[in-house]
Amino acid sequence: MLWEIGPGGCELRELRARLRLDSGYLSRLLRALEADGLLTVGPAEHDLRRRVARLTQRGRAERRVLDRRSDDTARAVLTPLSGAQRARLVAAMRDVERLLSAGEVALEPTDPEHPDALRCVAAYFDELDRRSETGFDQEASAKVAPEEVRPPRGLVLVARLRGEAVGCAALRLHAGAWCEIKRMWVARSARGLGIGRRLLGALEARARDHGARVARLDTNHNLVEAIALYRSAGYLEIPRFNDEPFADHWFEKRL
């Protein structure tokens, strides 16, 4: 717990999400550490509604002891290994960490006006703006109204990793047994975990359940990772089907 709180302190809400602890159990742990003089719990500096755990001087000293013991243990394991063996071990540990993180990602239906959904879409627009040669004009882009992607007309999924929103995608159902997938985005920090493919598959399954037989989407030529994903997932390029000015490629898949 001391290590997770860190030298700069940590909000209790973030601790609960990161460690997957219920509020009662976390409170008991913190009270025990507080009674030992290792930390304090109080309001956040700029928001009195939020509570933050902060290490005391004694808590910081105890954390340094734990860090030193951890380093000593790691050194004892690594010292007998050759350089090549250490490199293999580190690579394997990275693979394990990545796979465990992938298993922790939850895809959750979210209202399109929820703060997490709005932050993800804003990050998506920012990335389009950064990666485009001409920039991205949000006002010129085709609009997606919130009611168009709320059930029963659609769906927004937000991917969350340890409580943090790291991806999103939206589904818009159309008359005539076809659907449109919009606003597909994954945070750079969470790429490589298969989140984009999971979002795409989940929206396809929901669309199929609602009678859609064709899924369509559009994308910009700069989003090469997205284009590769769509093609590998069975999407075929088709002529323009909408008036999105920022799109260069249009895809379709039979569901």
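Since every read-out is calculated from the coordinates, none of them should be taken as a lab result. From a predicted model like this one, the values you see are computed outputs, not experimental measurements. Counting neighbours? That spans all protein chains shown, and the Cβs are built from the backbone with ideal geometry, glycine included.
Using Cα pairs under 8 angstrom and six or more residues apart, how large is the relative contact order of the stretch 1-147, in percent?
16 percent
Work out, in µm²/s and without decimals, the Stokes-Einstein translational diffusion coefficient of the chain at 25 °C, 0.890 mPa s, Rh from Kirkwood over C-alpha pairs.
Taking Rh from Cα pairs, D becomes 114 µm²/s.
Using 0.36 nm times the number of residues separating Ala233 and Ala92, minus their current alpha carbon distance, what extension gain do you get?
Extra length from Ala233 to Ala92 when fully extended: 48.0 nm.
Just to confirm a number: summing +1 for Lys and Arg and -1 for Asp and Glu over residues other than Ala212 whose beta-carbon lies under 13 angstrom from that of Ala212, what do you get?
+4
At q = 0.11 Å⁻¹, what log₁₀ I(q)/I(0) does the stretch 64-132 have when each alpha carbon counts as one equal point scatterer in the Debye sum?
Log10 I(q)/I(0), no solvent term: -0.61.
What's the ranking of 1-10, 199-208 by average number of surrounding C-beta atoms within 10 Å, highest first?
Per-residue Cβ counts within 10 Å, averaged per peptide and sorted highest first, yield 199-208, 1-10.
Is the shape of the stretch 122-196 rounded, prolate or oblate, going by the alpha carbon gyration tensor and its root eigenvalues a ≥ b ≥ c, with a/c under 1.5 for rounded and a/b larger than b/c for prolate? Show your work: numbers first, answer last.
Details: a/c = 2.14, a/b = 1.17, b/c = 1.83.
Taking the square roots of the gyration eigenvalues as a ≥ b ≥ c, the stretch 122-196 is oblate.
Length gain on complete extension for the stretch Thr40 to Leu99, per 0.36 nm per residue less the alpha carbon to alpha carbon distance?
Full extension of this stretch gives 17.8 nm more.
Please give the net charge around Val186, taking every other residue with its beta carbon less than 13 angstrom from that of Val186, where Lys and Arg add +1 and Asp and Glu add -1.
Result for the local shell: +3.
Sort the stretch 171-255 into rounded, prolate or oblate with this rule: let a ≥ b ≥ c be the square roots of the eigenvalues of the Cα gyration tensor; rounded if a/c is under 1.5, and if a/c is not under 1.5, prolate when a/b is larger than b/c, oblate otherwise.
The shape class here is oblate.
So, R0 is 22 Å and r is the distance between the beta-carbons of Glu11 and Arg188; what FRET efficiency does that work out to, to 0.05?
The value I calculate is 0.40.
With charges set only on the Cβ (+1 for Lys and Arg, -1 for Asp and Glu), what does the dipole of the stretch 74-181 come to about its Cα centre, in debye to the nearest 20?
Charge dipole of the stretch 74-181: 780 debye, to the nearest 20.
Measuring from a point 7 Å past the Cα of Glu147 along Cα-to-C-beta, which residues in the stretch 163-184 have an amide N at less than 18 Å?
Only 171-175 fall inside the zone, counting backbone N under 18 Å.
Using Cα-Cα distances under 8 Å and only pairs 6 or more residues apart, what relative contact order does the stretch 117-201 have, in percent?
23 percent
With +1 on each Lys and Arg Cβ and -1 on each Asp and Glu Cβ, and nothing else charged, work out how big the dipole of the stretch 37-93 is about its Cα centre, in Debye to the nearest 20.
60 debye
For a protection proxy built on the mean count of beta-carbon atoms within 10 angstrom, sort 98-106, 181-189, 225-233 highest first, please.
My ranking of the peptides, most packed first, is 181-189, 225-233, 98-106.
Using the 4.7 Å Cβ rule, please list in number order the cysteines from the chain without any candidate partner.
Within the chain, the cysteines lacking a partner Cβ under 4.7 Å are Cys10, Cys179.
So if I place +1 on the C-beta of Lys and Arg and -1 on the C-beta of Asp and Glu, and nothing else carries charge, what would the dipole magnitude of the stretch 123-162 be about its Cα centre? I want it in debye, nearest 20.
Taking the Cα centre of the stretch 123-162 as origin, the dipole is about 380 debye.
What full-extension length gain, to one decimal in nm, is calculated for His210 and Arg131 as 0.36 nm per residue of separation minus the Cα-Cα distance?
Gain in length upon complete extension: 25.0 nm.
Give the peptides 168-174, 191-197 in descending order of average Cβ contacts within 10 Å, highest first.
Packing order, densest peptide first, comes out as 168-174, 191-197.
With the cut-off at 1.5 for a/c, could you classify the stretch 1-114 from its C-alpha gyration tensor as rounded, prolate or oblate?
Oblate is the answer for the stretch 1-114, as a/c is 1.5 or above yet b/c matches or exceeds a/b.
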